[in-house]
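Okay, structure first, notes after.
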Amino acid sequence: MSTLAAARRVLSGHLPTLALALCAFTPAAQATLSFCNRTADAASLAYAVVPKDAPGVSTGGHRGAHVEAWFKLQPGECKQVSSIDATAHWVYFHAHGSGRVWDGGGRLCVRTRRFEEVQSFLIGNQACKGEWRAAGFRRVDPGKRNHTVSLT
């Protein structure tokens, strides 16, 4: 028996094991969070993500929100802002442009220039300090890992 034939015989018995091992070490598909500007005017975007609690567990929302701002979205432009698994997070956003505002009931502190930080939602009459101002953030509950929010 040739060396090649012997190698094929040995490997053929282990192909299912090799295939399973390769699948086990394949990196998970990357998830994305994107925003699209479906308006005729440029918009500035801030977003926040909060990990969802495991079923039956509650942290009372005290883990903080990861907030990042500002992303400039031109008319018709879509932009990926994060590679999180959107189904595992609550997603919040605040956007404005040409007199239009997309906001909501979750209040976080923002400033004029770009920033990225973890902060707690404002409660009651809490105020922001210094150059920061309160802005309302709208909550979105993504239904899939790769989620796109459209500004319309």
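Sort out which residues of the stretch 106-116 are of a type outside the set (A, V, I, L, M) and open to solvent by less than 80 Å² (accessible area, probe 1.4 Å), and write them in order of number. Working first, answer last.
Going through the stretch 106-116, the residues of a type outside the set (A, V, I, L, M) turn out to be 106-107, 109, 111-116.
Across the stretch 106-116, the qualifying residues are Gly106, Arg107, Cys109, Arg111, Phe115.
Can you name every residue in the stretch 141-150 that is open to solvent by less than 50 Å² (accessible area, probe 1.4 Å) and assigned to a strand (DSSP E or B)?
Kept after step one, since they are open to solvent by less than 50 Å² (accessible area, probe 1.4 Å), are these residues of the stretch 141-150: 142, 147, 149.
Result: His147, Val149.
The rows are residues; the columns are (1) open to solvent by less than 20 Å² (accessible area, probe 1.4 Å); (2) out of contact with any Phe, Trp or Tyr (no Cβ under 9 Å at 6 or more places or on another chain); (3) in contact (Cβ under 8 Å) with a residue 12 or more places away in the chain; (4) acidic (Asp, Glu).
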{"position": "Lys79", "(1), (2), (3), (4)": "no, no, yes, no"}
{"position": "Thr87", "(1), (2), (3), (4)": "no, yes, yes, no"}
{"position": "Ala95", "(1), (2), (3), (4)": "yes, no, yes, no"}
{"position": "Asp103", "(1), (2), (3), (4)": "no, no, yes, yes"}
{"position": "Val118", "(1), (2), (3), (4)": "no, yes, yes, no"}
{"position": "Asn125", "(1), (2), (3), (4)": "no, yes, no, no"}
{"position": "Arg133", "(1), (2), (3), (4)": "no, yes, yes, no"}
{"position": "Arg139", "(1), (2), (3), (4)": "no, no, yes, no"}
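Here are some conditions: (1) more than 14 Å from Ser34 (Cα to Cα); (2) at pLDDT 95 or above. Tyr92 meets all but one. Which one does it not meet?
(1)
The values are calculated or read from the model by the stated rules, or taken from the named source; none is laboratory data. As the structure is a prediction and not an experimental result, all values here were calculated from the model. Cβ sites come from the backbone with ideal geometry, for glycine too, and all protein chains shown count toward neighbours. When the accessible area is computed, the model is the full protein with side chains, heavy atoms only, and any ligands, DNA or RNA have been set aside. Shrake-Rupley method; radii C 1.70, N 1.55, O 1.52, S 1.80 Å.
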